[in-house]
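Chemist: Take a look at the following structure, please.
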Amino acid sequence: GGSWAHELVRAETGCVLLSNMEHPFTQRYFECSVITVAEHGANGTVGFITNRPMTQTLGDVAPALEAFRSCPLFFGGPVGEGIQVLHRVG
């Protein structure tokens, strides 16, 4: 049978990208990264680095979000202001 893991010519919404050490990164924070692509289209790509946990929790930076207070924070995500939250349903 087929394999769920395969090379991509370009990113796709929903894919997981593994950094390739043979690729010369211009931004060093992408090295050794696992990136989940949340959106990819004509306006660009939005992805989240999912293998870089930080020591802070969401409660440390946004105490008003009580339901997510103990959730760990991870380094990397969309550039800009605000906080993006990825979570499970249920």
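Taken together, the values in this text are just the output of simple stated rules run on the coordinates, not laboratory data. What you see is a predicted model, and the numbers here were worked out from it, not measured in a lab. Positions of Cβ are backbone-derived with ideal geometry, glycine not excepted, and every protein chain shown enters the neighbour counts.
Chemist: Set the Förster radius R0 to 22 Å, insert the Cβ-Cβ distance between residue 30 and residue 9 as r into 1/(1 + (r/R0)^6), and round the FRET efficiency to 0.05.
Modeler: Values: r = 18 Å, r/R0 = 0.84.
Rounded to the nearest 0.05, the efficiency is 0.75.
Chemist: Compare the peptides 34-40, 11-17 by average per-residue count of other Cβ atoms within 10 angstrom and give them in order, highest first. Working shown, then result.
Modeler: Working: 34-40: 16.0, 11-17: 13.1.
Highest-to-lowest ranking by the protection proxy: 34-40, 11-17.
Chemist: Would you calculate the separation in nanometres between label points at residue 74 and residue 52, each defined as 7 Å from the Cα along the Cα-to-beta-carbon direction?
Modeler: 1.2 nm
Chemist: Under a point spin-label approximation (7 Å from Cα along Cα-to-Cβ), what is the residue 39-residue 60 distance to one decimal in nm?
Modeler: Calculated label separation equals 2.8 nm.
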